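Data first, discussion second: the structure below is written as structure tokens.
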Amino acid sequence: MEKGSPQEQDAKASKNETLTFRIDHDNVKKLRTEAESQGISLNSLINQILKGFLEWHIFEPKIGMVPLSKPVIEELFTKMSKEQIVDIATRVGRNEMQNAAMFMKGGKMDLGSFLSWFENRMKNSSIQVSHTFDNSNRTHMYIIKHDICENWSLYIKEILLYIFHEIYRKRVDINTSYKMLMFRYKQED
């Protein structure tokens, strides 16, 4: 027989805890407004914020992330040749991306962990990501809408090719355009 109140038993079963915090009134108003604009509960918004902090923002300074706006990145990448982009991606980018993902995922780095990190990285950089899975042919498809420039697509493509081919020994099909990148791969069971 389990010990504790019914509320404690429910909390253990759902892995949720009920906590009480004092939050500045103006911050509560802003949170309620944001929750309402997203069409979610205040509780859901707070959980999203905490998850984002614990899975992403807490690590940013530890792995050397710096904030750059899209126009700055676009200007920098547009001024470089394709050869320079490939050189940066292969010399620096792929190792830094792999190291950051491994650090933030606590050393666990299977393909699923990397892609989960990659998707969060894109979303936390104001880049839209659509991930679908076609169960009939066991294919994952990611569409990344970055709205930066063609060289940014090339940079990400080179890193993903390395990660898929050299680390995970998986085939990946990647198509790029000026402001988007799409890749797909088959899931092996």
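So the values come out like this:
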read-out	value
Residue match in segment 50-58 (condition: exposed (fewer than 11 other Cβ atoms within 10 Å of the Cβ), at pLDDT 80 or above and assigned to a loop (DSSP other than H, G, I, E, B))	no
Some residue of segment 129-140 being in a helix (DSSP H, G or I) and surrounded by fewer than 17 Cβ atoms within 10 Å (Cβ to Cβ)	no
Members of segment 157-189 that are part of a strand (DSSP E or B) and among the aliphatic types (A, V, I, L, M)	174, 180, 181, 182
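For (1) among the aliphatic types (A, V, I, L, M); (2) more than 20 Å from the chain's Cα centre (by Cα); (3) modelled with pLDDT of 95 or more; (4) assigned by TED's automatic domain parsing to the domain that holds residue 53, each residue gets a yes or a no:
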residue: 122; (1), (2), (3), (4): yes, no, no, no
residue: 128; (1), (2), (3), (4): no, no, no, no
residue: 144; (1), (2), (3), (4): yes, no, no, no
residue: 152; (1), (2), (3), (4): no, no, no, no
residue: 159; (1), (2), (3), (4): yes, no, no, no
residue: 165; (1), (2), (3), (4): no, yes, no, no
residue: 170; (1), (2), (3), (4): no, yes, no, no
residue: 180; (1), (2), (3), (4): yes, no, no, no
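The values are calculated or read from the model by the stated rules, or taken from the named source; none is laboratory data. Remember, predicted model here, so these are calculated numbers, not experimental data. Positions of Cβ are backbone-derived with ideal geometry, glycine not excepted, and every protein chain shown enters the neighbour counts.
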